[in-house]
Each structure stands twice: as structure tokens, then as C-alpha cells.
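A short write-up of the structure that comes next.
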Amino acid sequence: MTLIAPSILSADFTCLGRELSAVETAGADWIHIDVMDGRFVPNITYGPIIVEACKRATSLPLDVHLMIEKPEEIIPAFAKAGADYISVHAETCPHLHRTLQQIRELGVKPGVALNPATPLSSIEYIADQLEFVLIMSVNPGFGGQKFIASSIEKIRTLSGLLAQKNPDAVIQVDGGINSGTIAAVAKAGARCFVAGSAIFNTPDYAQTIAALRKDAERE
Ligand code: DX5
Ligand code: ZN
């Protein structure tokens, strides 16, 4: 199972509804929505109002990536807006187990995101609570950055950890995913691929998504 999740960070916001329809028709599996607060990461993007608008514009699952401090304060608003998946950063959650429970109790599937420098040990004892783990392969904050190669080994090690603790959990990778990097992260064990610039900066989304999927599934 390969999941391609276009990140709307690189979409044309003057016609977001049209962009969402276009990637849905082009074969996308999830819509990835990057929420940034200008504190945890040095950029500010959008909040629940955009998630609610996306919900009306697509039938694909909405995957909300919270790059914000104190996510627990606003998670209910994102759930209400229609998020299907919510990931929080381990670095922002002193009570990570509780925050994951909060997400699940709201009827949303929880995930944990890890920055490139954050060790896998931060999720070792809560791995059974997760639907997915998001491995950041760039430092979060911006689209179009260069893939950090050490993410490949991290994904490989995470695959082993999840095989023991939660074999159903999906490994998602986010940052610098394109035709040059997707095969290696897929081989390491990633199954959900977030791609912003690699999809939205190309003229034919269907062709791009099909090519990414093919590269990810090539043995
Ligand atoms: C970065 C975001 C990513 C971003 C990826 O902080 O979490 O989802 O949109 O962009 P690309 O695919 O262009 O690296
Ligand atoms: Zn993201």
C-alpha cells in the first residue's frame, strides 16, 4: 500500500479548491495540511478555517501536520474542522501519551512527527498508541528544501521498532520527497509520502503522482 499525500503548502492559494480537485483526480491518497505557528517553526501558515474549507473541496482524507506549540489547545478545533489524521511533534508535547489519547477521543487518527535530530526513543513507549509516525526529512517550516540523507537509516530503524511494537502503524516521510529520493525511503520502509513542490510545481499532477507511486513500488 502506497499513499501519496500532496502538501498544499506548495499549492496555488488563489484557487485552492481547484488545486484540491486536481490532485484528487490525479490519484492522490491523502491531502497533507501543514499548520505552522511562527514559534515552533519560523513560518506561519493556516488554521482550522482552511481545514474546514478543504473538507468541502475534497473527499480525500485530510492529514493535518501540526508544527505548533501547545497543540492540545487547538486540536479540538482541527477535529471539528474535519481532520481525519492529526500529527503532533514529539518536541512540542511533554505529555505525548495524553495528547494522542485526546486526538483519538475526538475521533481522529493520531500520529507523531519527529524532527531530523529527534531520536526514535521518544516514541518507543507510546508506539502502540499510533496510527502513523511522520519522519521529517527536512527541518520543518518550508517547502522545497533538500532531503536529509540520514532519514533513510532512521526510517529503516523505525521499521524494525514498529515491527515489534505496532506492525499496523504507517511510516510517513515528509520533506524533499521527489523522483530522486522516494525509492530509497520506500525501500527503507516508508509507506506514506508527503510531497509539496515535487507535485504542485509540475504541470501534470496525474503523471507526477503516477511516477512517484511507481518509483515507490519498484523493488
Ligand atoms: C515542511 C512541511 C512539508 C512541506 C514539504 O515543514 O512539513 O509538508 O510541504 O515540502 P516539499 O515536499 O516541497 O519538501
Ligand atoms: Zn508536513
Discussion item. Just to confirm my numbers, what's the Cα centroid distance between the range 40-88 and the range 100-159 in Å?
Written reply: 16 Å
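For the chain, what does the helix formula give at 222 nm: sum of -39500 (n - 2.57) over DSSP H segments with n ≥ 4, over the residue count, nearest 500 deg cm²/dmol?
Estimated from H runs of four or more residues: -10000 deg cm²/dmol.
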Worksheet item: Out of Lys70, Lys55, Lys109, any idea which swings most in a Gaussian network model of the chain, alpha carbons joined below 10 Å?
Response: Lys70
Response to the item:
Among Gln164, Gln102, Gln172, the residue with the largest mean-square fluctuation in a Gaussian network model of the chain built from Cα contacts under 10 Å is Gln164
Worksheet item: Counting DSSP beta bridges with both partners in the chain, what percentage is antiparallel, nearest 5?
Response: 5 percent
Response to the item:
For Lys187, counting only lysines whose alpha-carbon sits under 24 Å away and dropping same-chain residues fewer than eight positions off, the answer is Lys146, Lys154, Lys165, Lys214
Fill in: In the range 27-131, the chymotrypsin sites (Phe, Trp or Tyr not before Pro) that fall in loop regions by DSSP, at most 13 other Cβ within 10 Å
Tyr125
Worksheet, complete the sentence: Residue span Ala77 to Thr25: 0.36 nm per residue of separation minus Cα-Cα distance leaves a gain in nm of 15.9 nm
Worksheet item: Can you list the HN-Hα couplings for the range 148-159, worked out from phi with the Karplus curve (6.51, -1.76, 1.60; θ = phi - 60°), rounded to whole Hz and with x for Gly and Pro?
Response: 8, 5, 5, 4, 5, 5, 4, 5, 4, 5, 4, 4
Discussion item. Please list, ordered by chain and number, the residues whose modelled amide H lies under 5 Å from the amide H of Val170; skip anything fewer than 5 residues away on the same chain.
Written reply: Phe132, Val133
Item to complete: Work out the length of the dipole vector of the range 93-174 about its Cα centre, built from +1 on the beta-carbon of each Lys and Arg and -1 on the beta-carbon of each Asp and Glu, and round it to the nearest 20 debye.
Response: 120 debye
Worksheet item: Using unit Cβ charges (K, R positive; D, E negative) and no other charged atoms, how large, in debye to the nearest 20, is the dipole of the range 76-219 about its Cα centre?
Response: 80 debye
Worksheet entry | Under 16 Å from the Cα of Lys80 - lysines, other chains or at least 8 residues apart | Lys55, Lys109
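Values in this text are rule-based calculations from the coordinates and carry no lab data. Since the structure is predicted, the reported quantities are computational estimates derived from the model, not experimental observations. Every residue, glycine among them, receives a Cβ derived from its backbone with ideal geometry; neighbour counts consider all protein chains shown.
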